[in-house]
Structure formats: C-alpha cells, structure tokens
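Trainee: Structure provided below as structure tokens; questions to follow.
The values are calculated or read from the model by the stated rules, or taken from the named source; none is laboratory data. Treat the numbers as computed from the prediction; the structure is a model and nothing was measured. Positions of Cβ are backbone-derived with ideal geometry, glycine not excepted, and every protein chain shown enters the neighbour counts. These area figures cover heavy atoms from the full protein model, side chains too; ligands, DNA and RNA do not enter into them. Shrake-Rupley method; radii C 1.70, N 1.55, O 1.52, S 1.80 Å.
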Amino acid sequence: MAYFRKRGDHWEYRIKYNDAGKQKEISKGGFRTKAEARTAAVLIEEKLVVGGIEKLRKGEMLFEDWLEIHNKMHNQHRRESSNISARNGQLKLLDRFKGHKLNKLKRADYQLFINELLFEHDYAKNTVDRIHGEMMGIINSAVEHDELEKNLLRGIQITKDDEEEKTMFLNKFEVKKLLNAIETEDIYKRVMVITLLHTGLRSGELLGLFWSDIDFVNKTLTVDRQRTRTGLGPPKSKSSLRTISIEDDLINELQLYKSWQEENEKIKQDYFLSEYVFVDENGKIFYQTKPQDMMQNLLRYAKLEPRKSTHLLRHTHAVMMLEAGVDIKTVSTRLGHKNIDITANTYLHITPEHERSALKKFEEYLKN
C-alpha cells in the first residue's frame, strides 16, 4: 500500500514491499501534486504485483556493463572484421552514454546525439546508420534478455536533407593527373595505386595479397583473404572470394615491382622475407592504414582534393569500367559484390557516359 506526504512544495510516495521475508520500502518525491504521486505509485505497485522487485530493477544496469555482456554473447558469432566495425560504433556510443543506466536512456537525448553526428560532426548518413544499427542491437539484446522492459529508441530520425549520398571517384582527367604525379614516387606506392585503379580491390584485400595469388601466365589475380588490424582473415563475404583478369599494363608493373623486391632481398642484409606482395624496401609489410594515408598524400601531390580513402580508386575503377562499355555483371563480379543490384544502385546514376553509350548502341540497333 502506498503512503503519501508533502515535503516543501512537492509530494512523495512511499511503498512498502516484502523482499525475501524482509520489509523494505521504495520512495520517490518531486511530484507537483498528490495526484501525480498517486498515479506514479499505482504503476510501481502494479509492477510489484506482476514481477516483484526484479521487475522494478530492470534497466538499472549501466550501459557500459551491458555492452560488455552483449559483446561476450555476440562477438564469437561474428567475423573479426565485423567486430572491429561494431567496436568503432560502440566507442562513439560509449563517449556519450557511458555512466547512463539502461532505463535512463532518453529518446530525446539519443535523437540529439544522432543530430550532432549528422550536422555538427558532418558524418555521412551511412556512417550514422551503422552507429544507430549497433545501438539498436545493444538495446534490443537487453530487452530480449530481460534486462530492459522495452526499447524506447526506435523510430528516431536519421535524415540529412541537404546531403545526397555521394560516391566519390576520379574522372579521366583526374586519373591522368594522379598517374603523372606518382611517376617519381617509390615503386611500391606507384604499384599500389595502379593495382587499386586497375582491379577495384578493397584496401584489406590489397594488403592480403600473396605473390601466389597473381598468375602472370594466365593474367589473373585471386582474392582469397584480407588483412585487418588483427591479421589475416577471410574476405568480407563469400562473393568477395574471386579471381579476376588483369591486363598487360598491370602485369608489367607487378613484374617490375617483383624484380625490385628480389633485388632488395639480395643487397639488404636484414631483408624480411614474406609471401606478401606489398612490402617496403626492407620487406616489411605495411600497417593496416598505410594505403589510406598514402592516398591522402598522393592526391595532395597531384593537386587533387585529398581524401583518406582507397575506396576512391575502387569507385573510380567501377565507374571507368562502366563508361568503357563493360557490362554491369562483369563489373559486379570484379568488385566482389553479392549481386548486381548493389553495383547498379551504387554506380549507374553517376555514369552519364554509360547511359550515352547505351543510347548510342540502341540508336545503331534501330538503324540496322
């Protein structure tokens, strides 16, 4: 039974309950009227009747404590690369919500957090979607395991009206500027750029290449693994396992690069032997973010907008292949996409040359 009393200008309820044979009490004040205190007390009494004191304790766990449990339950069932991606999102969430109880995560505060990411920090919508997806997984997991009554953060807005999600790529003129700028660079930098530009590989796939993956006779390159911060692992998905054709220009560059490595092996006393294609002059493999750091500098040297992403060359490869008249199925296979819809949705709207070429072919077809 609830008891009420006025303390100063506000009202308080007190509810006595039995916990393992001991009489205990719950109280809460700060209500403007006795009616407000009575309404809140009725809800508490209902929870006590239905689920006992444990019902009231739901959501009392700190966000960071539940996150640790959540990860222990789920990390072993995900790829390491997925865990790394999840952790990046979790760090953003911890920055804001560490120290908050699960049941104190307010929808308004969370919406403000999302808005800050979008508009103050200028995160891409896709990035914010991933962070939000991670939060939903954490909170839904708490509900499923009876640590929280319900997810109050559903249905928040993630929109950026002034932003059309852009797929950044270099046009033909910019590609020529970049290639001219890297002519005098270290050979490993030049071959990295040319390989990315001619294959559309992801950064981790590039760093995971072994010389045995390159067939100089049949002119093919096989993607069988990727290298992440934690070492070698399988590619992003099953469709990422692929063997693609490579042309003579890239073959010649790779052969020169291989000869350079073999020469270094002969003349350097402490040369580090490995199976990796991309190593420095001492044979040491590159740190995981080397391609991104390299791209930023090389674009600056070429007097192009510096972007710290090797995906720029992956996108450029796809766009130029399509504009050259290559069918979308072939492009999709080269990129390791799960299906051609992903390729079409990402690239076809930004390749006007592809559309013009298609219309020209259609016009020629009608004339014949």
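Trainee: Can you tell me which of 318, 344 is modelled with pLDDT under 85, surrounded by 15 or more Cβ atoms within 10 Å (Cβ to Cβ) and part of a helix (DSSP H, G or I)?
Mentor: After ruling out the rest, the residue left standing is 344.
Trainee: Further, regarding this structure: I need the full set of residues from region 180-216 which are open to solvent by 10 Å² or more (accessible area, probe 1.4 Å), acidic (Asp, Glu) and touching a strand residue (DSSP E or B) at 6+ places or on another chain (Cβ under 6 Å), in order please.
Mentor: 213
Trainee: If you don't mind, another one. So the check is Cβ under 6 Å with 6+ separation or different chains; which pairs have a first residue in region 203-215 that's within 15 Å of residue 245 (Cα to Cα) and free of Cβ contacts under 8 Å to residues at least 12 places away in the same chain and a second one that's buried (at least 20 other Cβ atoms within 10 Å of the Cβ) and among the hydrophobic types (A, V, I, L, M, F, W, C)?
Mentor: Sorted first by the residue in region 203-215, then by its partner, the list stays empty.
Trainee: Under 8 Å between Cβ atoms, which residue pairs at least 6 apart in sequence (or on different chains) link something in region 292-312 that is open to solvent by 20 Å² or more (accessible area, probe 1.4 Å) with a partner that is among the hydroxyl-bearing types (Ser, Thr, Tyr)?
Mentor: Between residues of region 292-312 that are open to solvent by 20 Å² or more (accessible area, probe 1.4 Å) and residues that are among the hydroxyl-bearing types (Ser, Thr, Tyr), the close pairs are 292/203; 292/309; 292/310; 311/203.
Trainee: Restricting attention to region 143-161, does a residue exist that is in a helix (DSSP H, G or I), out of contact with any Ser or Thr (no Cβ under 6 Å at 6 or more places or on another chain) and either within 29 Å of residue 73 (Cα to Cα) or open to solvent by 60 Å² or more (accessible area, probe 1.4 Å) (or both)?
Mentor: Yes: one or more hits.
Trainee: Considering 117, 93, 112, which residue is within 18 Å of residue 143 (Cβ to Cβ), hydrophobic (A, V, I, L, M, F, W, C) and assigned to a helix (DSSP H, G or I)? I'd like the intermediate steps shown before the answer.
Mentor: Numbers: 117 fails: within 18 Å of residue 143 (Cβ to Cβ); 112 fails: within 18 Å of residue 143 (Cβ to Cβ).
So the residue among 117, 93, 112 that is within 18 Å of residue 143 (Cβ to Cβ), hydrophobic (A, V, I, L, M, F, W, C) and assigned to a helix (DSSP H, G or I) is 93.
Trainee: Of the residues in region 264-280, how many are open to solvent by 70 Å² or more (accessible area, probe 1.4 Å), more than 18 Å from residue 204 (Cα to Cα) and in a loop (DSSP other than H, G, I, E, B)?
Mentor: 4
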